[in-house]
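Participant: Submitted below is the structure of interest, expressed as structure tokens.
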Amino acid sequence: MDVGIESHFIEGAVLVRLQGELDHHVVEQIRNEIDQKLQENRYQALVISFRGTDFMDSSGLGLILGRYRTMMQHQGKMSLCEVSPALRRLFELSGVLKILPVFDSESEALAAVKEG
Amino acid sequence: MDVGIESHFIEGAVLVRLQGELDHHVVEQIRNEIDQKLQENRYQALVISFRGTDFMDSSGLGLILGRYRTMMQHQGKMSLCEVSPALRRLFELSGVLKILPVFDSESEALAAVKEG
Amino acid sequence: MDQSGQRMPQNYMQIQFPSLSENESFARVAVAAFAAQLDPTMEQLTELKTAVSEAVTNAIIHGYESGVGEVRISCAIVDGRIDITVEDEGVGIPDLEQARQPLYTSRPELERSGMGITIMESFVDELQIESRPGQGTRVVMRKQVAKPPVLHA
Amino acid sequence: MDQSGQRMPQNYMQIQFPSLSENESFARVAVAAFAAQLDPTMEQLTELKTAVSEAVTNAIIHGYESGVGEVRISCAIVDGRIDITVEDEGVGIPDLEQARQPLYTSRPELERSGMGITIMESFVDELQIESRPGQGTRVVMRKQVAKPPVLHA
Ligand SMILES: Nc1ncnc2c1ncn2[C@@H]1O[C@H](COP(=O)(O)OP(=O)(O)O)[C@@H](O)[C@H]1O
Ligand SMILES: Nc1ncnc2c1ncn2[C@@H]1O[C@H](COP(=O)(O)OP(=O)(O)O)[C@@H](O)[C@H]1O
């Protein structure tokens, strides 16, 4: 199936690349994997890249907002990148754009969570 | 929708490029267009290219065999090209491979119908 | 036109499946494949898929909670418009007005965002929700995809 | 296992639509989207789509000839195998043995190739056709897509 998640530790941050169609079925399967990586990283920094995300619905928003809450609780930093116009519209509608920075490239998103 | 046909007159032959999914619905729509071009060409030569054909079922075989019959009646020449493994299997199963030459490229297929 | 002055659908389909999360992707792809005959833009297709995904996910998560029941989708095409109905026979929605509030969710523990109904509303032209507690929920979405034909008087 | 010793399906779906040629593509895409949960190879997916396309086209062209009736597809998944049933309530097949001959077609004037049933046979593991003249036709196709789970005695 389309489930795809690839996660890396890069310069103190967890970089998660989400692939395929991000719906409720898939989100249930990948949430634990992300949370485990965050624990290993002691919630320092998280970058989510949507380059490979072909589809997303509000279950994906729930995943993002849930990770945002966790990171805030631990004073961690978080950013998003490589967001298609369709996804940007969802992010706008749900207020994600107001609370999280969105960058064009992974390197910009990684630089942003390392600052300060 | 996926209906796609592109036809050209090239050096005395009709070159037809079939695009998309070749099923009964689509075949009904494109048969007349091919036959009209053949009439203009006085049934001299026909090359069908399947480079853009993503899917085909036995309705597509009916289209090919029907054109083959028409071309034979008029002592015209016909060849096929750019056939994917999936299509080749259908051609093998139905005996198309026994009566029609299949080439890798359009130029080879065109050269073959001009010979003799 | 039929007796009631409504125009008859030019095409329709129905699908049914158990409320398993594996079927969310099947449901939206099936509706998109049906809608393809209206020659939608990529944007319209994404909107339809997203709206269907929201309605089906709600039937699975909220309608049938942890149990399994049947989800039914019917689609009709009339004059370039697609009407999509998603139904469950689940627990129903006790307070529809509350449910329609952006960010409201009854299942925050599942990390639901509470944006499903808001997304449906903004991705289709017309959204209608009927629900009876204990009996189920029916979501009707209408979207004009292609131009309607010119009608003769 | 149920009473009869058959294993219950782990998932299923049903679709219904009028016998319009526009729906041929919808039907095979819907079945492929459902079969995707078995993680088929591209080749298996093409085989399933082709077999479904043949059965649905036959229901439309032969079953309902020039009129319009309903085509129904049901799919069930059991232990990595998909069972697909395509049904119509059309004219039926008077001589099944003849119909199954490669290259036999009752509609040569429509440029049918007579290869539909032969293709279904070679693209699935098991093909069963039941038909009653005047009442309709039911085509059942079975295909093992993923490995069946190891059963405990
Ligand atoms: N089919 C349904 N059956 C029962 N309750 C539903 C259904 N659809 C929506 N609801 C209720 O409406 C609320 C809001 O739905 P929605 O906006 O999609 O957000 P979410 O799915 O994130 O909770 C849900 O939390 C639920 O209480
Ligand atoms: N659903 C059906 N209803 C009635 N007749 C059918 C049906 N399916 C197949 N047949 C009969 O079986 C014949 C062979 O079918 P097939 O091998 O698919 O070839 P084709 O569709 O090219 O005619 C058809 O020509 C038709 O007479």
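Participant: Treat the count of other C-beta atoms within 10 Å as a stand-in for reagent exposure and order D:Thr46, A:Thr70 from fewest to most.
Facilitator: Fewest-to-most ranking of D:Thr46, A:Thr70: A:Thr70, D:Thr46.
Participant: For C:Val150 and A:Arg42, what is the calculated FRET efficiency with R₀ set at 51 Å and r taken between the beta-carbons, to the nearest 0.05?
Facilitator: 0.20
Participant: For the protein assembly as shown, list log₁₀ I(q)/I(0) at each q in 0.07, 0.11 Å⁻¹, using the Debye formula over Cα point scatterers of equal strength and ignoring solvent, two decimals each.
Facilitator: Here log10 of I(q) over I(0) equals -0.48, -1.07.
Participant: Also: If you line up the long axis of helix D:42-58 against the longest principal axis of chain D, both from Cα atoms, how many degrees apart are they, to the nearest 10?
Facilitator: Tilt of helix D:42-58: around 40 degrees.
Participant: For peptide D:58-67, what's the mean number of Cβ atoms from other chains within 10 Å of each residue's Cβ?
Facilitator: Per residue, the number of nearby Cβ atoms from other chains is 1 on average.
Participant: Hey, with R₀ at 51 Å, roughly what FRET efficiency would A:Asp104 and B:Lys98 work out to, going by the Cβ-Cβ distance, to 0.05?
Facilitator: 0.35
Participant: Another question, if that's okay. For segment C:1-60, what does the alpha-carbon gyration tensor say about shape, rounded, prolate or oblate, given a ≥ b ≥ c as the root eigenvalues, a/c under 1.5 as rounded, and a/b over b/c as prolate?
Facilitator: oblate
Participant: So, in Å, what gap is there between the alpha-carbon centers of segment A:83-98 and segment D:16-69?
Facilitator: Here the two parts' Cα centres lie 36 Å apart.
Participant: Quick check on chain C: helices-only [θ] at 222 nm, where DSSP H runs of length 4 and up contribute -39,500 (n - 2.57) each and the sum goes over total residues. Nearest 500, please.
Facilitator: Numbers: 4 runs with 42 residues, N = 153.
-8000 deg cm²/dmol, from helical runs alone.
Participant: Test of understanding: ordering C:Ile117, A:Ile30 by Cβ neighbours within 10 Å, fewest first, what list do you get? Kindly include the intermediate steps, with their values, before the conclusion.
Facilitator: On the way: C:Ile117 23, A:Ile30 18.
Ascending Cβ contact count within 10 Å gives the list A:Ile30, C:Ile117.
Participant: What ³J(HN,Hα) values, in whole Hz, does the Karplus curve 6.51 cos²θ - 1.76 cosθ + 1.60 give for segment C:68-83 when θ = phi - 60°, with x put for Gly and Pro?
Facilitator: Values per residue, Gly and Pro as x: 10, x, 9, 10, 10, 10, 10, 10, 9, 10, 9, 6, x, 10, 10, 10 Hz.
Participant: Here's something else I'd like to know. Lys/Arg Cβ at +1, Asp/Glu Cβ at -1, dipole of the protein assembly as shown taken about the Cα centre: which of C:Asn58, B:His8, A:Ile30 is farthest positive-ward?
Facilitator: It is B:His8, whose Cα lies furthest towards the positive end.
Participant: Would you please give the FRET efficiency between B:Ala111 and D:Leu110, computed as 1/(1 + (r/R0)^6) with r the Cβ-Cβ distance and R0 = 35 Å, to the nearest 0.05? It would help to have the intermediate numbers written out before the result.
Facilitator: Details: r = 34 Å, r/R0 = 0.96.
After rounding, the FRET efficiency stands at 0.55.
Participant: May I ask you to list, by number, the DSSP H helices of chain A whose Cα span along the axis is at least 18 Å and whose average Kyte-Doolittle hydropathy reaches 0.5 or more?
Facilitator: Working: long enough: A:24-40 (25 Å, -1.27); A:58-73 (22 Å, 0.15).
Once both thresholds are applied, nothing remains.
Participant: A follow-up question, please. Using label points projected 7 Å from each Cα along Cα→Cβ, tell me how many nm separate C:Glu130 and D:Glu97, to one decimal.
Facilitator: 5.4
Participant: Which value, in debye to the nearest 20, gives the size of the charge dipole of chain D about its Cα centre, when Lys and Arg are +1 and Asp and Glu are -1 at the Cβ?
Facilitator: On the way: 13 positive and 22 negative charges, 65 e Å.
For this selection, approximately 320 debye.
Participant: How charged is the neighbourhood of C:Ser106? Take every other residue with its Cβ under 12 Å from the Cβ of C:Ser106, and add Lys/Arg as +1 and Asp/Glu as -1.
Facilitator: -1
Participant: Placing +1 on the Cβ of each Lys and Arg and -1 on the Cβ of each Asp and Glu in chain C, which of C:Ser131, C:Ala99, C:Ala146 has its Cα farthest towards the positive end of the resulting dipole?
Facilitator: C:Ala146
Participant: Round to the nearest 10 and give me the degree value, 0 to 90, for the angle of helix C:23-35's Cα axis relative to the longest principal axis of chain C.
Facilitator: The angle comes out near 10 degrees.
Participant: Once every DSSP H run of n ≥ 4 in chain A is given -39500 (n - 2.57) and the sum is divided by its residues, what mean residue ellipticity at 222 nm do you get, rounded to the nearest 500 deg cm²/dmol?
Facilitator: Theoretical 222 nm ellipticity from helices: -14500 deg cm²/dmol.
Participant: Still on this model: When the gyration tensor of chain B is built from Cα positions, what are the square roots of 5 times its three eigenvalues, in whole Å, from largest to smallest? The partial results should precede the final answer.
Facilitator: Working: eigenvalues 76, 51, 36 Å².
Taking √(5λ) for each eigenvalue gives 19, 16, 13 Å, largest first.
Participant: Under a Cβ-only charge scheme (Lys and Arg +1, Asp and Glu -1), can you give me the dipole magnitude of the protein assembly as shown about the Cα centre, in debye to the nearest 20?
Facilitator: 300
Participant: Evaluate peptide B:21-34: per residue, the Cβ atoms of other protein chains within 10 Å of its Cβ; return the mean as an integer. Before the final figure, lay out the partial values.
Facilitator: Numbers: counts 6, 1, 11, 13, 10, 3, 4, 3, 1, 0, 1, 0, 0, 0.
Other-chain Cβ atoms within 10 Å of each residue's Cβ, averaged: 4.
Participant: Here is a follow-up. For the rotation taking chain B to chain A, which residue of B has the Cβ nearest the axis, and how many Å away is it?
Facilitator: Taking Cβ atoms only, the nearest residue and its distance are B:Asp54, 9.
Bear in mind these aren't lab numbers, they're just calculated from the coordinates by the rules spelled out. Here the structure is a predicted model, which means the values were calculated and not measured. Please note: Cβ atoms are built from the backbone with ideal geometry, for glycine as well, and neighbour counts cover all protein chains shown.
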